[in-house]
Structure formats: structure tokens, C-alpha cells
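Okay, so here's the structure we're looking at.
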Amino acid sequence: MLVRPLSGRPLQTPLPKGTVDTQMHMYLPGFPARPGGPDLPAGTLPDASQYRQVMNWLGIDRVIITQGNAHQRDNTNLIACLAAMGRLARGVAAFGSDISDSELDAFFAAGIVGARIMDLAGGAVGLSELEAIDDRCAARGWMIAVQFDGTHILDHEARLKRLKSRWVFDHHGKFFSGATPDGPEIAAVKRLVDRGNCWFKFAGVYESSKSGGPNYADVAAFSRSIAAHAPERIVWGSNWPHNLAKTREAYPDDADLTDTVLGWLPDDAARQLALVDNPESLYGLPRFGGGGS
């Protein structure tokens with residue numbers, strides 16, 4: 001059975017106070033996987049107590065819990081996880097355009113501040129509902145996490161430019177075919193972030209890299225380019241508990257992974273932006289230490 005390491009060596013460069021992990025999943029007992037999605041993660045359910053140990057290990061102060069694909073559009077596990085984590089957590093839910101205003105009100109009361117679009121296998125809500133979800137989120141000041149195969153970003157750029165909500169391009173853009181820093185896909189990302197309502201998320205590099213670890217040179221190259229172009233538009237996520245890993249051998253070392261990915265930011269000022277200031281702007285979080293974190 002997979003046993004996740006929950007502690008280890010300290011990071012080479014400590015995270016700044018107020019750091020937000022903007023991409024992770026959490027699972028509590030009593031919430032089975034729903035039809036249409038993948039199974040629950042391997043091993044012991046990665047719950048709040050386990051994640052709090054990871055927070056202490058890495059130096060994370062706040063967290064955005066993202067609805068896992070295993071639960072599809074049933075967000076009851078997410079709401080339970082937000083309750084378990086308390087005021088330091090906010091959530092990104094998966095819901096369709098037919099959701100009622102009263103349901104969205106209840107989501108907000110539980111700590112949900114955004115919607116998830118995942119146009120990949122197992123995703124609960126695809127790009128077909130992008131504009132409708134944007135309408136609902138824009139009306140409430142919520143954000144949208146958008147994930148699709150970034151190889152096709154030029155096909156979707158016009159639609160993405162029209163989004164009214166704040167939104168983040170997830171998981172290093174999921175460039176499965178290997179985008180390059182001077183290629184048309186990265187040029188499109190830069191055009192989108194320059195519009196002022198788009199962010200780019202450093203998370204799950206092992207899902208996007210074709211060259212592989214430990215350096216992930218292909219994703220590192222274009223991620224460095226985007227971070228240098230717009231440091232005010234980068235956010236970071238641990239992608240814990242690394243749901244694709246089924247064995248201990250396949251499970252990444254969270255300290256190594258964090259050091260590697262954050263090493264693509266140009267300097268300490270960019271780290272402060274990516275880890276604290278930018279996620280506050282994207283997710284509508286209060287300033288750290290301001291009484292609402």
C-alpha cells in the first residue's frame with residue numbers, strides 16, 4: 001500500500017510567511033468516488049491531518065483545496081475538507097451551468113471561491129460550459145481554474161480572451177507535446193496574462209513534462225520564460241497528494257519538487273509574488289495577517 005512521506009529535509013530556500021498552496025486535493029472517509037471519474041487515490045486517504053503535516057514540513061500557511069475528479073460534481077467531500085481545515089483554507093468546486101444561486105450561496109458560505117474546468121479524461125466540467133461558468137463566477141467575483149491540453153491553446157485563445165472572471169491556466173498549461181519558450185503556445189500564454197485577468201500555475205510538472213525529472217527541462221524552460229515576462233501572474237501549487245502516483249517509488253519527494261519548481265522564479269521578489277501576493281489577488285484572499293486568513 002502506498003504510504004506518503006509527510007516530512008523530510010527542509011527546503012533549500014524557506015517559503016515566505018503567508019505562502020498559499022493553490023493546488024492540492026484532500027479526501028475524507030465516507031465520500032466514495034462517483035461514476036465518470038477516476039478512483040480515489042491509492043493508499044490511506046490523504047486527509048486534513050496528513051496535509052497539515054506537509055504544511056508544517058514545507059512551510060505552507062494557507063491552502064486552496066481543489067475538487068478532485070473522483071467526486072465529479074459532488075462537492076460534499078470538498079465542503080467537509082474546508083470545514084476540517086478552517087479559516088486557512090478556501091475551495092475551488094466543480095459545478096455545471098445549471099447550478100442554482102442558493103447552491104452557490106451555500107458554497108460561498110463553506111469557503112468556495114472558484115470553479116474548476118477540466119477538459120481532460122475524467123474531468124467533471126469541460127470547456128463546453130466555459131462561458132456559462134464564467135457568467136456565474138463573474139457575477140460573484142469568483143475565479144476559474146482552467147485545465148486542458150495546452151497544445152491546443154491557439155484554438156481556444158479567442159474564447160479565453162473573452163473571459164470576464166479572474167482565471168488561472170492550470171498545471172503548467174498541460175503542454176503534452178512539448179512547448180518551447182519561443183513557440184506559438186507560449187506566445188499565446190503571454191498574450192493572455194497581459195490582459196490582466198489571467199494567471200499561470202506552476203503545479204504538477206511531472207504531468208506536463210516529456211523530458212522528465214528531476215529537472216523537467218522542457219517545462220522549466222517555458223515556465224522560466226513566462227515568469228520572467230509576468231512575475232505578477234504566477235502562482236504555485238504542490239499538487240499534493242500526487243494522485244497519479246500508485247507506488248512509493250513513483251511518489252515525488254515534496255521538498256525536492258518544491259525546490260526545483262520554485263527555482264524557476266527569477267528572484268526572491270518573484271517568490272513573494274507567486275507564493276503570497278498573486279494568490280491573494282487571484283482567489284480574493286485577505287492579506288496575510290489581516291484577520292481573515
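The values are calculated or read from the model by the stated rules, or taken from the named source; none is laboratory data. Not measured: the values here are computed from a predicted model. Here the Cβ is made from the backbone with ideal geometry for all residues, glycine too, and neighbour counts use every protein chain on show.
Given (1) farther than 23 Å from residue 54 by Cα; (2) within 18 Å of the chain's Cα centre (by Cα); (3) not hydrophobic (A, V, I, L, M, F, W, C), where does residue 266 come up short, assuming only one miss?
For residue 266, the exception is condition (2).
Taking the conditions exactly as written (of a type in the set (A, V, I, L, M) and not in a loop (DSSP other than H, G, I, E, B)), does residue 255 satisfy them or not? Step through it out loud before you land on a result.
Numbers: of a type in the set (A, V, I, L, M): yes; not in a loop (DSSP other than H, G, I, E, B): yes.
Here the answer is yes, as residue 255 does meet what is asked.
Working carefully through the options 45, 88, 78, 104, find the one that is of a type in the set (A, V, I, L, M, F, W, C) and over 20 Å from residue 238 (Cα atoms). Steps first, please.
Values: 45 fails: over 20 Å from residue 238 (Cα atoms); 88 fails: over 20 Å from residue 238 (Cα atoms); 78 fails: over 20 Å from residue 238 (Cα atoms).
Answer to the selection: 104.
Is it true that some residue in region 23-46 is assigned to a helix (DSSP H, G or I) and either polar (S, T, N, Q) or more than 25 Å from residue 257 (Cβ to Cβ) (or both)?
no
When residue 221 is evaluated against the numbered criteria (1) touching a residue at least 60 places away in the same chain (Cβ under 8 Å); (2) under 18 Å from residue 264 (Cβ atoms), which criterion, by number, is the only one it fails?
(1) is the only condition that residue 221 fails.
Out of 70, 84, I need the residue that is out of contact with any Cys (no Cβ under 8 Å at 6 or more places or on another chain), of a type outside the set (Phe, Trp, Tyr), in a helix (DSSP H, G or I) and surrounded by fewer than 21 Cβ atoms within 10 Å (Cβ to Cβ). Which one?
Details: 70 fails: surrounded by fewer than 21 Cβ atoms within 10 Å (Cβ to Cβ).
That would be 84, the only listed residue that is out of contact with any Cys (no Cβ under 8 Å at 6 or more places or on another chain), of a type outside the set (Phe, Trp, Tyr), in a helix (DSSP H, G or I) and surrounded by fewer than 21 Cβ atoms within 10 Å (Cβ to Cβ).
From 233, 166, 191, grab the single residue that is over 20 Å from the mean Cα position of the chain (by Cα) and either in contact (Cβ under 8 Å) with a residue 12 or more places away in the chain or under 20 Å from residue 117 (Cβ atoms) (or both). Give the steps one after another, and end with the answer.
Details: 233 fails: over 20 Å from the mean Cα position of the chain (by Cα); 166 fails: over 20 Å from the mean Cα position of the chain (by Cα).
Of 233, 166, 191, the one residue that is over 20 Å from the mean Cα position of the chain (by Cα) and either in contact (Cβ under 8 Å) with a residue 12 or more places away in the chain or under 20 Å from residue 117 (Cβ atoms) (or both) is 191.
Collect the residues in region 94-108 that are touching a residue at least 24 places away in the same chain (Cβ under 8 Å) and more than 20 Å from residue 286 (Cα to Cα), keeping them in residue-number order. First the steps, then the outcome.
Residues of region 94-108 that are touching a residue at least 24 places away in the same chain (Cβ under 8 Å), as a first pass: 94-97, 99, 104, 107-108.
Once the filter is applied, which keeps residues that are touching a residue at least 24 places away in the same chain (Cβ under 8 Å) and more than 20 Å from residue 286 (Cα to Cα), region 94-108 yields 94, 95, 96, 97, 99, 104.
Check whether at least one residue in region 160-181 is of a type in the set (Asp, Glu) and more than 21 Å from residue 25 (Cβ to Cβ), and report yes or no. Show your work before the answer.
Let us first name the residues in region 160-181 that are of a type in the set (Asp, Glu), namely 170.
Still in the running and more than 21 Å from residue 25 (Cβ to Cβ): none.
Scanning region 160-181 turns up no residue that is of a type in the set (Asp, Glu) and more than 21 Å from residue 25 (Cβ to Cβ).
Here is a list of conditions, (1) outside any loop (DSSP other than H, G, I, E, B); (2) touching a residue at least 40 places away in the same chain (Cβ under 8 Å), and residue 214 meets all of them except one; can you say which number that is?
With respect to (1) outside any loop (DSSP other than H, G, I, E, B); (2) touching a residue at least 40 places away in the same chain (Cβ under 8 Å), residue 214 is out only on (1).
So which pairs qualify, if the first residue must be in region 80-93 and of a type in the set (D, E, K, R), the second must be part of a strand (DSSP E or B) and modelled with pLDDT of 95 or more, the Cβ gap must be under 6 Å, and the two must be at least 6 apart or on different chains?
If the second residue must be part of a strand (DSSP E or B) and modelled with pLDDT of 95 or more, the pairs left are 90/64; 90/113.
Which ones in region 63-91 are more than 27 Å from residue 277 (Cα to Cα) and among the charged types (D, E, K, R)?
Answer for region 63-91, where residues must be more than 27 Å from residue 277 (Cα to Cα) and among the charged types (D, E, K, R): 73, 74.
Return a yes/no flag: does region 175-196 have any residue that is modelled with pLDDT under 95, outside any loop (DSSP other than H, G, I, E, B) and of a type outside the set (A, V, I, L, M).
No: zero hits.
If only one of 115, 145 is out of contact with any Cys (no Cβ under 9 Å at 6 or more places or on another chain), within 24 Å of residue 280 (Cα to Cα) and not in a helix (DSSP H, G or I), which one is it?
Details: 115 fails: out of contact with any Cys (no Cβ under 9 Å at 6 or more places or on another chain).
The conditions single out 145.
Kindly indicate the residue of region 5-32 that is crowded, with 17+ Cβ neighbours inside 10 Å and farther than 17 Å from residue 240 by Cβ and also nearest to the chain's Cα centre (by Cα) among those meeting that condition.
18
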